[in-house]
Ligand code: FES
Ligand SMILES: [Fe+2]
């Protein structure tokens, strides 16, 4: 199945390479910086993020019955467990008695979850197991357990919807058939966690997703790190529903596609790709392994985001630790020191009032389409084309100029008309 994907991507990227970057055929657009600072917008986006599945942890972080992981999500923490039957659960990590945090460690394993305040205990599925000194506490039985959250294990990831009142939707339904199939073909379900870390960043979450949606910056921002491995301005961006996929061939792949027989192509080994899932999850394919970015905006401050970064590697090659350690080291330098630092720098200048609008080029158009899609999620309706509302007008323009569906309209950078 992966071979079919390799050849399909190889064919599509051959076309992009053949065409090469072309001059822009549309003007750059102005983007008011309010999209990164407005408090009302931030509240709407937080609600959207809470109402959709988020990649909270890798399945292998709760590999065995009794395993649990806690993750800070907004103002409180969420606990993910695996019960004795192998089923994964997610709960608010908040005691049903008087609201203490039940599990205070980041991860561990046990038969029950117990609260340190007054000793109440819970089963691994969050149901109440026992009330300490129950006969003294109440003359009628207490039954309320931890607040459970919609949770599903798919593609080697535990997806949690933080808002328990959100409309029920399966991960497959949310991903859509094309992205779901792509994650299957990439073999995410057979991957295991190698390492993870968290960053508290001084920028809006969308400045981070923006960086995955254009590669205009690659040859400048990454000139001392990864730029020499990639041809400049060569990318294939496509869209599936409100999700985006951005494939970047490496120089070695470009050479193969032009010089080597199609049957001998090794595409996935020389390819980087960002799968930007709306809202707030990015899965980055890195020539054989995956980096998972889970973005959690600050509950009140639009200028702050926590990013949990997890590296997933093929389960059957998990013991190649030296190789994965080297890759992890590289990721932990390039991403925070270059991409994250640039986003924080931009936010600082925006917050200082030093810039009121940004200019978005034709070669950065996917960034606009993503913003428009985020708008639609937040309002539940399409963005109106109101010329008096520059953000909405801008977003609508972006939405109209981008094709629908993977394998639909696509573009090399600066190459939109082809
Ligand atoms: S708050 Fe948890 S047992 Fe009292
Ligand atoms: Fe980058």
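If you average the sequence gap of Cα pairs under 8 Å that are 6 or more apart and divide by the length of segment 86-213, what percent do you get for the contact order?
Numbers: 139 pairs, mean separation 24.5, N = 128.
Reported as a whole number, the value is 19 percent.
When you count, for each residue, the other Cβ atoms within 10 Å and take the mean per peptide, how do 225-234, 151-160 rank with the highest first? Before the final figure, lay out each step's value.
On the way: 225-234: 17.0, 151-160: 22.4.
Put in order of decreasing packing, that is 151-160, 225-234.
To the nearest 10 degrees, how steeply does helix 365-379 sit against the main Cα axis of the chain, on a 0 to 90 scale?
30 degrees
Rounded to two decimals, what ratio of Rg to Rh does segment 55-157 give with C-alpha atoms and a Kirkwood Rh?
On the way: Rg = 13.6 Å, Rh = 13.9 Å.
Using Cα coordinates only, the ratio equals 0.98.
Could you give the C-alpha radius of gyration of segment 227-383 expressed as a fraction of 2.2 N^0.38 Å, taking N as the number of residues it contains?
Working: Rg = 17.9 Å, N = 157, 2.2 N^0.38 = 15.0 Å.
In units of the globular-protein estimate, segment 227-383 measures up at 1.19.
For segment 148-267, what number results from the quotient of the Cα radius of gyration and 2.2 N^0.38 Å?
1.33
Over the alpha-carbon set of the chain, divide Rg by the Kirkwood Rh and report the Rg/Rh ratio to two decimals. Present the calculation step by step, with values, prior to reporting the outcome.
Working: Rg = 22.6 Å, Rh = 22.7 Å.
Ratio of gyration radius to Kirkwood radius for the chain: 1.00.
Could you work out the relative contact order of segment 55-157, using alpha carbon pairs under 8 angstrom and six or more residues apart, expressed as a whole percent? All intermediate terms of the calculation are to be shown ahead of the outcome.
Numbers: 203 pairs, mean separation 27.1, N = 103.
Relative contact order for segment 55-157 comes out at 26 percent.
Please report the relative contact order for the chain, taking Cα pairs under 8 Å with a sequence separation of at least 6, and give it as a percent rounded to a whole number.
Working: 814 pairs, mean separation 93.5, N = 418.
22 percent.
State the Cα centre-to-centre distance between segment 65-125 and segment 130-158 in whole Å.
Answer, in whole Å: 9.
Using helices alone, what [θ] at 222 nm do you get for the chain, with -39,500 (n - 2.57) per DSSP H run of 4 or more residues, divided over all residues and rounded to the nearest 500?
Numbers: 11 runs with 122 residues, N = 418.
Only helices count here, giving -9000 deg cm²/dmol.
Given the convex hull of the Cα atoms of segment 87-219, what is a quarter of its surface area in nm²? Before the final figure, lay out the partial values.
Numbers: hull surface 49.1 nm².
Taking the Cα atoms of segment 87-219, their convex hull projects to 12.3 nm² on average.
Which distance in Å, rounded to a whole number, links the C-alpha centroids of segment 211-233 and segment 241-274?
After rounding, the separation between the Cα centres reads 16 Å.
Read-outs throughout are calculated quantities, based only on the coordinates presented, and are distinct from any laboratory measurement. Because the structure is predicted, anything quoted here is derived from the model rather than measured. Note that each Cβ is placed from the backbone with ideal geometry, even for glycine, and that neighbours are counted across all protein chains shown.
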